[in-house]
Amino acid sequence: MKPNEGETMDWGRIKVLLLDSDGVLTDGGVYLPETGGPEIRRFDIKDGFGIARLLKDGFPIGVISRSPSTPVQTRCEKLGIPHIYLGAKDKVACAKKILDQLKLDWSDAAFMGDDVPDLPLLQKVAFPLTPLNGAEEIREATKWVSRFPGGGGAVREACDHIFRARQAKA
């Protein structure tokens, strides 16, 4: 799939946005200081603004990642993301918990993932999304590919689509 091929997608039907962290919220790099300190992750401030704007508008967002990353936890908490599952062995089960808490269904959910471990959840949600640099098999399994890479505006682009669709309905 080419970027934004799924532009005809009905963004207004999305009622919850779920995100992977590494390769989606971050650029996928893990930076290790020479001193042996903790791992460092890079986040895009524009992605954070898109998330914060949706949250402020009352739109639910969750992060589900296999990585038990302290920097990801800190970033999610700073943004006010209410549903955070890090170190998740089963992303589908975590997503189901979020949907149950929100009294939503798979047909209401979007998930942005970038690599093979995200495939089971991408196949469950009605709106599977991926950054521009998502793995080829992921790009083929999604309805929408961002024009931007993970950690470089992909999340912001999806948030902007959702935000505009919500504003059009209001």
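The values are calculated or read from the model by the stated rules, or taken from the named source; none is laboratory data. Computed from a prediction, not measured in an experiment: that's the story for all the values here. FYI the Cβ positions are ideal-geometry reconstructions off the backbone, even for glycines, and counts take in every protein chain you see. Ligands, DNA and RNA are stripped out before the accessible areas are found, and what is left, the full protein with its side chains, is counted by its heavy atoms. Shrake-Rupley method; radii C 1.70, N 1.55, O 1.52, S 1.80 Å.
Ranking of Thr142, Thr74 by solvent-accessible surface, largest first: Thr74, Thr142 (1.4 Å probe, protein heavy atoms only, all chains present). Computed from phi, the 3J(HN,Hα) profile of segment 70-83 under the Karplus parametrisation 6.51, -1.76, 1.60 (θ = phi - 60°) reads 5, x, 5, 4, 4, 5, 4, 5, 4, 6, x, 5, x, 10 Hz, with x in place of Gly and Pro.
Restricting to Cα pairs below 8 Å that are 6+ residues apart, what does the relative contact order work out to for segment 6-62? Please round to a whole percent.
37 percent
A Gaussian network model of the chain, with springs between Cα atoms under 10 Å, assigns the largest mean-square fluctuation among Gly12, Gly153, Gly58 to Gly58.
Each stretch of four or more DSSP H residues adds -39500 (n - 2.57); spread over every residue of the chain, this sum gives -11000 deg cm²/dmol at 222 nm. Taking H placed 1.01 Å from N in the peptide plane, check which residues at least 5 places from Ile84 or on another chain put their amide H under 5 Å from its amide H. Hits under the 5 Å cutoff: Val63. Amide H contacts under 5 Å for Met112: Leu18, Leu19, Asp20, Leu129, restricted to partners 5 or more places along the chain or on a different chain, H placed in the peptide plane at 1.01 Å from N.
Relative contact order, whole percent, for the chain stands at 31, derived from Cα pairs under 8 Å and 6 or more residues apart. Among Asp20, Asp47, Asp90, the largest mean-square fluctuation in a Gaussian network model of the chain, built with springs joining Cα atoms closer than 10 Å, belongs to Asp90. Along segment 154-159 the Karplus relation, 6.51 cos²θ - 1.76 cosθ + 1.60 evaluated at θ = phi - 60°, assigns HN-Hα couplings of 4, 5, 4, 4, 5, 4 Hz to successive residues, with x for each Gly and Pro.
Separation of segment 10-58 from segment 128-158 is 13 Å, based on Cα centroids. If only the Cβ of Lys and Arg carry +1 and only the Cβ of Asp and Glu carry -1, the dipole of segment 11-169 around its Cα centre is close to 740 debye. If I fit a long axis through the Cα atoms of helix 45-56 and take the longest principal axis of the Cα atoms of the chain, what angle between them do I get, 0 to 90°, rounded to 10? Compared with the principal axis, the helix lies near 50 degrees.
Taking the chain as a Gaussian network, where each spring joins two C-alpha atoms under 10 Å apart, which residue of Asp100, Asp160, Asp22 fluctuates the most? Checking each option, the largest mean-square fluctuation is seen for Asp100. Computed from Cα positions, the angle between helix 91-102 and the longest principal axis of the chain comes to roughly 50 degrees. Can you bin segment 42-122 into rounded, prolate or oblate? Criterion: square roots of the alpha carbon gyration tensor eigenvalues sorted a ≥ b ≥ c, rounded for a/c under 1.5, prolate for a/b above b/c, oblate for the rest. Oblate, since a/c reaches 1.5 and b/c is not below a/b.
More than 30 angstrom separation, counting every C-alpha pair in the chain; what % is that?
Cα-Cα pairs of the chain separated by over 30 Å account for 9 percent.
The accessible area of Ile81, taken with all protein chains in place and a 1.4 Å probe, comes to roughly 10 Å².
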